[in-house]
1. Once the convex hull of the alpha carbons of the stretch 218-287 is built, what does its volume come to per residue, in cubic angstrom?
2. If I stretch the segment between residue 197 and residue 85 completely, what's the gain in nm (0.36 nm per residue apart, minus their alpha carbon distance), one decimal?
3. Sorted by average packing, counted as other Cβ atoms within 10 angstrom per residue and highest first, what order do 238-249, 256-267 take?
4. Quote the FRET efficiency, to the nearest 0.05, computed for residue 270 versus residue 100 with a Förster distance R0 of 41 Å and r equal to the Cβ-Cβ distance.
5. Return 178, 122 ranked ascending by Cβ neighbour count within 10 Å, so the fewest neighbours appear first.
6. I need the semi-axes of the equivalent ellipsoid of the stretch 57-106: take the C-alpha gyration tensor, multiply each eigenvalue by 5, square-root it, list largest first in whole angstrom.
7. Where does the Debye-calculated log10 I(q)/I(0) of the stretch 52-208 sit at q = 0.10, 0.11, 0.15, 0.21 Å⁻¹, using only Cα point scatterers of equal weight, no solvent?
8. Exposure proxy check: 282, 69 ranked by fewest other beta carbons within 10 Å?
């Protein structure tokens, strides 16, 4: 095709696609040709076979377009994050934006100015309204799929995080080519479920990072119990129980909620249970439980 110049830079993951010089289309077989082109391009895309979690992330992103990926304290997720971001960058390329939620910021202007910078929106952003206006303008001007990959929410400003999340939900509902993924822990779970049906991300698809035989070491178990310190008698009573109730991502029981996100409780068969007997023994020792608490 005349007038088309070669792309000077491509991510190394898809650079080999240059060898696909052309693909023939016809009006009569457009649908068949399109499926063939998709398969041809897939040959040059990063492979995710064998990693069922990453496959599930990609599948749900295509289907739901708004995902939240959870992990508990100390759960190692770097390997998964690297592979997910590598694949998604190759897929979305210039429309992939990695966003770090501003930490310890109270100013709405500073917050959204930082978000805009991560999204390459170089504009005079004063508030959530100007952010919305610029994002809607960009999405209206291009039908190319866009993805925002959002991390570091744990130390964000709760109120500003809610405004930002509400904006993303509205963009997802209005533009079918808009996608977003949140990665986080307890603060993200609060954003999804803390205000129940009013929570801005209550309709997002939830996935948990796999633990892959992860073990919480003795020092970290002790450290986590040492940060509790409130209502020792109630915690000691919990340590005597094998089953602490029906599992939910965000428990209305504050103590159960804290124990879960600190990785002292886990989910098994849709129930909250202790991570193991060793965890319970250390908990009794740290909290000074005598075993006779009723």
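All of the numbers you see were taken from the coordinates with simple rules; none came from a lab. Owing to the predicted nature of the structure, the values given are computational and were not obtained by experimental measurement. When we count neighbours, we look across all protein chains shown, and the Cβ atoms used for this are built from the backbone with ideal geometry, even at glycine.
1. Working: hull volume 5.3 nm³, N = 70.
Roughly 76 Å³ of hull volume per residue.
2. Numbers: separation 112, 0.36 × 112 = 40.32 nm, distance 3.01 nm.
Computed gain between residue 197 and residue 85 is 37.3 nm.
3. Numbers: 238-249: 15.2, 256-267: 21.4.
The most tightly packed comes first, giving 256-267, 238-249.
4. On the way: r = 34 Å, r/R0 = 0.82.
Rounded to the nearest 0.05, the efficiency is 0.75.
5. On the way: 178 22, 122 9.
So the ranking, lowest neighbour count to highest, is 122, 178.
6. On the way: eigenvalues 83, 53, 32 Å².
Three semi-axes, in Å: 20, 16, 13.
7. -0.33, -0.40, -0.77, -1.62
8. Least to most surrounded, the residues fall as 282, 69.
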